[in-house]
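Some notes on the structure that comes next.
The values are calculated or read from the model by the stated rules, or taken from the named source; none is laboratory data. This structure is a prediction, so every number in the text was calculated from the model and none was measured. Cβ sites come from the backbone with ideal geometry, for glycine too, and all protein chains shown count toward neighbours. Accessible surface areas use protein heavy atoms only, side chains included; no ligands, DNA or RNA. Shrake-Rupley method; radii C 1.70, N 1.55, O 1.52, S 1.80 Å.
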Amino acid sequence: MCGIFGYAGPEARAEVLIEGIKRLEYRGYDSWGLCLAAEDRLFLVRRVGRIGAVDGSPVNPPSAMQNPPSAMQNPPPAMQSGIAHTRWATHGAPTEANAHPHADCAGRIAVIHNGIIENHAALRASLQSKGHHFTSETDTEVIPHLIEELLKTEPDFPAAFLAAMKLLVGAYGIAALWAESPDTVYVARHGSPIVLGVAKNSTLVASDPAALVTHTRDVIYLDDGEAAILHPDGFETRTLEGAPVSKQVQQVAFSLQDIERGGFPHFMLKEIAEQPESIRNALRGRIVRSEGTAKLGGVEEDLLRKARRCHIVASGTSWNAGLVGKYLLENLARIPTQVSFGAEFRYGDPVLEPDTLVIAVSQSGETADTLAAVREAKLIGAETIGICNVFGSSIARECGKGIYIHAGPEIGVASTKAFTSQLVVLSLLAVHMGRMRGMSLRAGLLFLDALERLPAQAEQIVREKEKVAQIARKYASCRDFLFVGRLYEYPTALEGALKLKEISYIHAEGVQAAEMKHGPIALIEPGVPTVVLAAQAEIRDKMLGNTHEILARSGKVIAVAREGDEEMAKLAHDTIFIPKTLDPLVPILSVIPLQLLAYFVAVERGCDVDKPRNLAKSVTVE
Ligand code: F6R
């Protein structure tokens, strides 16, 4: 969602701040802004649209804050600190006035914020009654005014800053500047991610370590209820009550090269192509051949052994992965498993029986609904484990136990490699829990063998991407698509439809194949292609039946079939073959052509693949 970057040190320049927030672009945004501090003054820029693409110049010269109006007349030669923000509108339209940073009445305090202040209306009314003048519709603007008000009674700025934080209800990651301490950045976290970076002559803050890696790999993750004061030569961390806390410096595992496009036209294509490697990484060191099982270091054996039910919570693509997880856990481990959307779990009335294991699946580890579901599950008394990609993310830490998918940074807004890595980890979990519950050594070994073949098989699919590109060009002008599948391929159908709609804006539906005749078949006509997922051996004949039904109604069929299925290829208008694997692992392979199809259709339609409209990479608000 919104992105935060802050810097205290000798390189406090607009370019440095802009480079920082550009690394957060993938989170989605509609406006941006920055503020620099030097010699007792603040300098502010706020813009709508693309970062740095303002007035044809990459960096817009900082214009002065309205108070004091003369600030830009003699800008100091060097700035001492700065904060920058990418906004994804929640309260108030994406306008310059609503973009962050926001300032107090005197223009002495500037604040950027991620999250939502739930009591902003009450705070605003109270501050207005004390004479504060607001210039935006945002919830964030109450923060600088609140600090300004509290400065009248608190002994110093840090005390006023902390006192203000304690009055905020909701979720926030905040960074602030105060004109009178121009080399200092003030930071606080409650419910939105904040990570500090420690470099040689500077200290940094961001909402995602991806923004820090050009400066440092040494990072500190703030926990909820913590604050920090950053100086060029170091930082202090405190609780919101003001008590000092000591934090551990950790190393960010990925490099700058990892988050750059590496010659691909889009992050999405790069990430699709990375899947042979990311699948390999998800498997690495986790297969125990001698016992026909998996080793999952982050979760105690006992926890998995005693679970009698599983409840998976997730959102979006991760929910689709969770649905495959349900089939895997029920099929391989015979554990009754339910899958809930994070938001439904949170506001529904989930029945968690004793010994239910709640499994949160989230690429970012920051999805607000999934995080809230984890908190709710813990409150009810359930054990929780996380299946996350981002190390040290909120869900990973909230769960305390879990399995990282090790997919590497996923920058494209549409999730691709994280999905297949989530499926690999869920497969490992299922085989491990299965072996604890009577699955035979032979069956375990067969499954592990099939898992180990996946990277090479994924490689084969990616190599043949031009074939998918040709099919994509053929159908790119269609207005509707259907994706049909059964069992393990039903979630794949949902995921294929989700990928297509989010990046190409074509209406697409994922349908359980047997449900076609209960309604969706009415949509079939020559201009509505159906992607038929027919690669599972067990139900392949049923998918052949579906294909006949569609063809009989003059529908076009694009089949994803097991290699060698010539009968299917003869029937379908277009066929994409995938290598043979066990049915439970089919989605890991069959989703790759669907990702490619969505990608090439979107490119053909001229869509902004990596930053689709209205979407954010990490949905940290409800
Ligand atoms: C779709 C997509 C979203 C996310 C969803 C959950 O391509 O990326 O649907 O899957 O917002 O995000 P995470 O997995 O970060 O919890």
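Suppose the filter is open to solvent by 10 Å² or more (accessible area, probe 1.4 Å), within 16 Å of the ligand (Cβ to nearest atom) and either modelled with pLDDT under 95 or within 20 Å of Y327 (Cα to Cα) (or both); does L487 pass it?
Spelling it out, it is not the case that L487 is open to solvent by 10 Å² or more (accessible area, probe 1.4 Å), within 16 Å of the ligand (Cβ to nearest atom) and either modelled with pLDDT under 95 or within 20 Å of Y327 (Cα to Cα) (or both).
Could you say which residue among T337, T367 is β-branched (V, I, T) and away from the ligand (no atom under 16 Å from the Cβ)?
Sole residue among the options that is β-branched (V, I, T) and away from the ligand (no atom under 16 Å from the Cβ): T337.
Provide a single number: the residues in region 347-370 that are hydrophobic (A, V, I, L, M, F, W, C), open to solvent by 10 Å² or more (accessible area, probe 1.4 Å) and touching a residue at least 60 places away in the same chain (Cβ under 8 Å).
Going through region 347-370 one residue at a time, the tally reaches 1.
Say we look at region 370-383 and pick out the residues that are of a type in the set (V, I, T) and more than 9 Å from the ligand (Cβ to nearest atom); which of these is modelled with the highest pLDDT?
Only one residue tops the list, namely V374.
Mind checking which pairs have a first residue in region 377-396 that is farther than 18 Å from S192 by Cβ and open to solvent by 50 Å² or more (accessible area, probe 1.4 Å) and a second that is away from the ligand (no atom under 15 Å from the Cβ) and part of a loop (DSSP other than H, G, I, E, B), Cβ under 7 Å, 6 or more apart or different chains?
Filtered contacts from region 377-396: I380/L352.
Being at pLDDT 95 or above and under 27 Å from the mean Cα position of the chain (by Cα) is true for just one of L296, L329, L256. Which residue is that?
Of L296, L329, L256, the one residue that is at pLDDT 95 or above and under 27 Å from the mean Cα position of the chain (by Cα) is L329.
Can you name the residue in region 565-622 that is surrounded by 20 or more Cβ atoms within 10 Å (Cβ to Cβ) and of a type in the set (K, R) and, of all such residues, is farthest from F419 (Cα to Cα)?
Out of the qualifying residues, it is K611.
Take the residues of region 403-416 that are more than 11 Å from the ligand (Cβ to nearest atom) and of a type outside the set (A, V, I, L, M): which is nearest to D608 (Cα to Cα)? Write out each step before concluding.
We begin by selecting, within region 403-416, every residue more than 11 Å from the ligand (Cβ to nearest atom); these are 403-404, 406, 408-409, 411.
Those left that are additionally of a type outside the set (A, V, I, L, M): 404, 406, 408-409.
On the way: Y404: 30, H406: 27, G408: 22, P409: 19 Å.
Within region 403-416, the match that is nearest to D608 (Cα to Cα) is P409.
If only one of G392, G400 is at pLDDT below 95, on the phi > 0 side of the Ramachandran plot and within 15 Å of the ligand (Cβ to nearest atom), which one is it?
Sole residue among the options that is at pLDDT below 95, on the phi > 0 side of the Ramachandran plot and within 15 Å of the ligand (Cβ to nearest atom): G392.
Yes or no: G342 within 15 Å of the ligand (Cβ to nearest atom), open to solvent by less than 50 Å² (accessible area, probe 1.4 Å) and in contact (Cβ under 8 Å) with a residue 60 or more places away in the chain?
No; evaluated as a whole, the condition is false for this residue.
Can you tell me how many residues in region 417-447 are among the hydroxyl-bearing types (S, T, Y), more than 16 Å from the ligand (Cβ to nearest atom) and either open to solvent by less than 10 Å² (accessible area, probe 1.4 Å) or within 21 Å of Y404 (Cβ to Cβ) (or both)?
1
Restricting to region 238-252, give me the number of residues that are open to solvent by 100 Å² or more (accessible area, probe 1.4 Å) and within 17 Å of L196 (Cβ to Cβ).
Within region 238-252, the subset open to solvent by 100 Å² or more (accessible area, probe 1.4 Å) is 241, 244, 246, 248, 251.
If we keep only those that are within 17 Å of L196 (Cβ to Cβ) as well, we get 244, 246, 248, 251.
Count: 4.
If you take the residues of region 349-363 that are under 27 Å from V424 (Cα atoms) and of a type in the set (A, V, I, L, M, F, W, C), which of them is nearest to the ligand (Cβ to nearest atom)?
That would be V361.
Listed residues F483, F391; which is under 26 Å from S618 (Cα atoms), in contact with a strand residue (DSSP E or B) (Cβ under 8 Å, 6 or more places away or on another chain) and in a loop (DSSP other than H, G, I, E, B)?
Numbers: F483 fails: in a loop (DSSP other than H, G, I, E, B).
Every option except F391 fails the conditions.
Listed residues E509, E549, E502; which is among the charged types (D, E, K, R), more than 22 Å from L323 (Cβ to Cβ) and open to solvent by 20 Å² or more (accessible area, probe 1.4 Å)?
The match here is E549.
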